[in-house]
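Chemist: Questions regarding the structure given below will be posed in turn.
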Amino acid sequence: MSLFSKFKNNLQKTSNFLSKNILSSFQNRKVDSKTLDELETILISADISLDVVEKLINSVRKVKSTGDNISSIVLDTLSKEIENILILREKRLLVESGEKKILIFVGVNGSGKTTTIGKIVNQLNKDKKILIGACDTFRAAAIDQLKNWADKNNSDFYTGEANQDPASVAYQAAEKFNKENYDYLIIDTAGRLSNNTNLINQLVKLKNVVNKINTNIAVETVLVLDGTNGSNMIKQVDIFGKELNVTSIIITKLDGTAKGGALISIANKYEIPISYIGLGEKAEDLINFSARNFARSILDLSE
Ligand code: GDP
């Protein structure tokens with residue numbers, strides 16, 4: 001299956017909603033205040049934030065043509081404007097450059113952190129020496145799941161005692177990474193409710209500890225968001241992003257939601273790159289983010 005088909009097939013819940021409503025709204029009509037109002041309602045209902053909706057409406061307002069193909073011109077105009085917003089955030093995760101890296105994964109429980117780490121490890125170059133540090137010492141299930149991914153992918157695994165301070169586990173994992181000359185250290189962290197300030201403090205501490213040990217190695221902080229939360233993801237970017245200097249965002253479960261438009265709101269609001277999106281549960285369903293593929297797929301357009 002081509003990369004584009006993968007986007008298109010798995011973003012159908014969002015595209016069904018958007019394209020069906022936009023097509024029926026503009027059928028045999030022209031761009032005027034009535035159709036623009038309808039379009040505004042459709043875009044807002046797709047979890048696209050007001051500032052983005054305003055940009056999109058302004059671009060469609062300039063469409064002058066009338067006639068049979070008006071709806072396809074509107075869809076095309078929207079996809080170009082969306083692509084313009086998204087292209088600024090299209091950036092692969094640092095691991096693809098091949099240099100030694102430490103990745104710290106953060107995000108609330110259930111967002112898909114553990115699964116996403118597993119998928120990334122599965123996709124990484126098998127010649128590289130990989131260490132997974134399981135620092136969510138409060139959840140035995142997450143530790144087992146990571147150990148499983150590590151075993152399946154010929155990677156090493158490090159964890160601490162149950163309920164051990166996550167920062168001390170991260171410290172030990174980072175020491176092992178240094179001493180044993182690993183290429184990548186991938187750290188999973190606890191993700192209890194993000195409005196729990198202790199969690200954020202704990203993550204800041206964990207990050208500082210890791211940074212201290214490995215001063216000359218690039219550390220990425222990757223925020224994993226559950227795409228089915230739609231615009232509620234924004235609150236999480238606010239909470240995690242402010243104190244943790246998040247360097248990359250991954251949005252999961254976009255295959256299971258009609259709220260995929262919220263990704264555009266995040267791209268518009270924050271200058272944080274989006275590296276991957278999750279389009280299913282299998283290892284190959286974690287896909288490098290592509291602005292064009294995403295923009296065209298959610299409007300059910302061709303490649
Ligand atoms: P964590 O608590 O953040 O570590 O979340 P998990 O990795 O345990 O994931 C929670 C659930 O989401 C699991 O059942 C995963 O299989 C599922 N999941 C993760 N990513 C995706 C995705 O892209 N698509 C779908 N459909 N499910 C996903």
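The values are calculated or read from the model by the stated rules, or taken from the named source; none is laboratory data. Note that the structure is a prediction, hence the values are computed from the model and not measured. Here Cβ is always computed from backbone atoms with ideal geometry, including for glycine, and neighbour counts include all displayed protein chains. Side chains included, ligands, DNA and RNA excluded: accessible areas come from the protein's heavy atoms. Shrake-Rupley method; radii C 1.70, N 1.55, O 1.52, S 1.80 Å.
Chemist: Taking the stated definitions as given, is S59 open to solvent by 10 Å² or more (accessible area, probe 1.4 Å), closer than 30 Å to N122 by Cβ, of a type in the set (S, T, Y) and free of Cβ contacts under 8 Å to residues at least 60 places away in the same chain?
Modeler: Against the criterion (open to solvent by 10 Å² or more (accessible area, probe 1.4 Å), closer than 30 Å to N122 by Cβ, of a type in the set (S, T, Y) and free of Cβ contacts under 8 Å to residues at least 60 places away in the same chain), S59 does not qualify.
Chemist: Among the residues in segment 244-266, are any in a helix (DSSP H, G or I) and out of contact with any helix residue (DSSP H, G or I) (no Cβ under 8 Å at 6 or more places or on another chain)?
Modeler: Checked segment 244-266: no residue is in a helix (DSSP H, G or I) and out of contact with any helix residue (DSSP H, G or I) (no Cβ under 8 Å at 6 or more places or on another chain).
Chemist: Turning to a different aspect of this structure: Taking the residues in segment 99-144 that are among the charged types (D, E, K, R), assigned to a loop (DSSP other than H, G, I, E, B) and open to solvent by 10 Å² or more (accessible area, probe 1.4 Å) as candidates, determine which candidate is nearest to the ligand (Cβ to nearest atom).
Modeler: Only one residue tops the list, namely R139.
Residues are listed down the side, and each one gets a yes or a no for (1) open to solvent by less than 20 Å² (accessible area, probe 1.4 Å); (2) at pLDDT 95 or above; (3) within 16 Å of the ligand (Cβ to nearest atom):
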position	(1), (2), (3)
L223	yes, yes, yes
M233	yes, yes, yes
K259	no, yes, yes
N268	no, yes, no
S275	yes, yes, yes
R296	no, yes, no
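Chemist: Here's a follow-up. When both residues are 6+ apart or on different chains and their Cβ atoms are under 7 Å apart, which pairs have a first residue that lies in segment 108-123 and is assigned by TED's automatic domain parsing to the domain that holds Y184, and a second that is assigned to a helix (DSSP H, G or I) and near the ligand (Cβ under 8 Å from one of its atoms)?
Modeler: From residues that are assigned by TED's automatic domain parsing to the domain that holds Y184, the pairs are T114/A142; T114/Q145.
One line per residue, one yes/no per condition, for (1) within 16 Å of the ligand (Cβ to nearest atom); (2) in a helix (DSSP H, G or I); (3) in the same structural domain as A142 (by TED's automatic domain parsing); (4) within 21 Å of L23 (Cβ to Cβ):
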residue: E54; (1), (2), (3), (4): no, yes, no, no
residue: S65; (1), (2), (3), (4): no, no, no, yes
residue: S72; (1), (2), (3), (4): no, yes, no, yes
residue: K80; (1), (2), (3), (4): no, yes, no, yes
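Chemist: Name the one entry in I44, I48, I22 that is open to solvent by less than 80 Å² (accessible area, probe 1.4 Å), without any contact (Cβ under 8 Å) to a residue 12 or more places away in the chain and either touching a strand residue (DSSP E or B) at 6+ places or on another chain (Cβ under 8 Å) or under 19 Å from I85 (Cβ atoms) (or both).
Modeler: I44
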